[in-house]
1. What is the number of the single condition among (1) more than 30 Å from ASN162 (Cα to Cα); (2) in contact with a Lys or Arg (Cβ under 7 Å, 6 or more places away or on another chain); (3) at pLDDT 90 or above; (4) open to solvent by 40 Å² or more (accessible area, probe 1.4 Å) that VAL22 does not meet?
2. Any residue in the stretch 344-354 that is surrounded by 10 or more Cβ atoms within 10 Å (Cβ to Cβ), at pLDDT 85 or above and part of a strand (DSSP E or B)?
3. Being out of contact with any Phe, Trp or Tyr (no Cβ under 6 Å at 6 or more places or on another chain), among the hydrophobic types (A, V, I, L, M, F, W, C) and open to solvent by 20 Å² or more (accessible area, probe 1.4 Å) is the filter here; which residues of the stretch 266-287 pass it?
4. Checking the structure you have, find out if any residue of the stretch 198-214 is open to solvent by 80 Å² or more (accessible area, probe 1.4 Å) and closer than 26 Å to LEU296 by Cα.
5. Name the residues in the stretch 225-265 that are open to solvent by 30 Å² or more (accessible area, probe 1.4 Å), hydrophobic (A, V, I, L, M, F, W, C) and over 18 Å from GLU198 (Cβ atoms), would you?
6. Identify, please: which residue in the stretch 127-136 is within 25 Å of LYS89 (Cβ to Cβ) and not charged (D, E, K, R) and is, among those, surrounded by the most Cβ atoms within 10 Å (Cβ to Cβ)?
7. Can you tell me which residue in the stretch 160-183 is surrounded by the fewest Cβ atoms within 10 Å (Cβ to Cβ), limited to those that are in contact with a strand residue (DSSP E or B) (Cβ under 7 Å, 6 or more places away or on another chain) and over 20 Å from GLU128 (Cβ atoms)?
8. With the condition kept exactly as written, say whether any residue in the stretch 224-241 is modelled with pLDDT of 95 or more, among the β-branched types (Val, Ile, Thr) and more than 14 Å from the chain's Cα centre (by Cα).
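The values are calculated or read from the model by the stated rules, or taken from the named source; none is laboratory data. Predicted, not measured: the structure shown is a model, and the values here were computed from it. Virtual Cβ from ideal backbone geometry, glycine too; neighbours counted across all protein chains shown. Just so you know, the surface numbers come from the protein's heavy atoms only, side chains and all, with ligands and any DNA or RNA stripped out. Shrake-Rupley method; radii C 1.70, N 1.55, O 1.52, S 1.80 Å.
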Amino acid sequence: MSELTFEQMLEESLKTIHTGEVVEGTVIDVKPEEIILNIGYKSDGILTRNEYTNEPNVDLTTVAKPGDTMEVKVLKVNDGEGQVILTYKRLAADRGNKRIEEAFNSREVLTAKVAQVLDGGLSVIVDEVRIFIPASLVSDVYEKDLTKYAGQEIQFVISEYNPKRRRYIGDRKQLLVAEKAELQKKLLEHIHVGDVVEGTVKNVTDFGAFIDIGGADGLLHISEMSWGRVENPKKIFKVGDQVKTFIKEITGTKIALSLKFEDANPWKVAETKYAVGNEVTGKVARMTDFGAFIELEPGVDALLHVSQISKEHIEKPSDVLKVGDEVTAKVVDFNSEDKKISLSVKAMFAPEPAEEPKETVKEEDADVVSVDIDAVIAAEAAEEE
């Protein structure tokens, strides 16, 4: 029997490895872009940064040091240069698949940092498994710009698990919806009509503003934004504004808000300020065919009828007035119940002097001659005889 050479004995003492095999290795050197491991084979194993993690630009010297042991999977036994190429992320992904499957089945809430912001959503990594969260499932409201989520830790559930197609879909929206529903329930249990609440403007539309009052959104309708007239809510509010309002109405889960606080109601003192006979000044707020509405102060309008605009005959108000004109007139009618005030410019002018009455002679101031008509007739008859 021939004796084995030292090289043959050394080679026999080394284990054989196969592609796809999981092996344990010891770190013998670390560079920013690769880790060298002794895996008990005739060649050391090379673990590159791309095969360590899906995270971009990771400095491997921060995650491993010589002497560390780690499990890896053999990707290639020979890369053509006699080197063994290893992968850690694919082994972690295999194990991560199992983790994701369990989370999918149990509806577990996962937490992960946003690794990448894409055009259509967000990408997160859990145990080296890349999970995509579509833009429509990122939030419970439409978000045009998702860049604010870059690098943030977010919570989500797995809504779709398809390992064959490597399709893993996350859903953050349903967590937010469920959380909001719970907060809304608690809020509705202790708020009442008339309560003053503070909130944050979340959205502004042509008809009003939606305000988060701490667990639920309330609608501040355009008609409740001021005692005066509001033409465009977007000129008054913007997203993020802090607003103090009061609850006007609660209908189921719908909350109506108002800024028309009663102590600022201009009609409380209007009866005195705009009593019949008072001269007032205001600006033309809007025009109609039958007259002009004059804003005396925010929340108090008065009608100047076309017949009362001038002493002369006017066909239509726009012949002599336009929106924004300042008008001084006299209050000729005040109806507190219907909150209606009527004005007249015509009444500002003194009435035309009346014609002097013809002089009449009083009986006591004149010489009075009494005539006996019967006697005169009798005398005339006698003469004729």
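1. The single condition VAL22 does not satisfy is (1).
2. Step one: filter the stretch 344-354 for residues surrounded by 10 or more Cβ atoms within 10 Å (Cβ to Cβ), giving 344-349.
Those still in the list that are at pLDDT 85 or above too: 344-348.
Now restrict to residues that are part of a strand (DSSP E or B): 344.
Yes, that holds for at least one residue.
3. TRP267, VAL269, ALA275, MET287
4. Here is the first cut: in the stretch 198-214, the ones open to solvent by 80 Å² or more (accessible area, probe 1.4 Å) are 198, 206-207.
Remaining after also requiring closer than 26 Å to LEU296 by Cα: 206-207.
There is at least one residue in the stretch 198-214 that is open to solvent by 80 Å² or more (accessible area, probe 1.4 Å) and closer than 26 Å to LEU296 by Cα.
5. TRP227, the sole residue that qualifies.
6. Keep residues of the stretch 127-136 that are within 25 Å of LYS89 (Cβ to Cβ), which gives 127-134.
With the extra rule that they be not charged (D, E, K, R), the set shrinks to 129, 131-134.
On the way: VAL129: 24, ILE131: 23, PHE132: 17, ILE133: 26, PRO134: 16.
Out of the qualifying residues, it is ILE133.
7. Quick first cut of the stretch 160-183, residues in contact with a strand residue (DSSP E or B) (Cβ under 7 Å, 6 or more places away or on another chain) only: 160-161, 167-172, 174-175.
Remaining after also requiring over 20 Å from GLU128 (Cβ atoms): 171-172, 174-175.
Details: ASP171: 18, ARG172: 23, GLN174: 14, LEU175: 16.
Looking at the filtered set, the residue picked out is GLN174.
8. Scanning the stretch 224-241 turns up no residue that is modelled with pLDDT of 95 or more, among the β-branched types (Val, Ile, Thr) and more than 14 Å from the chain's Cα centre (by Cα).
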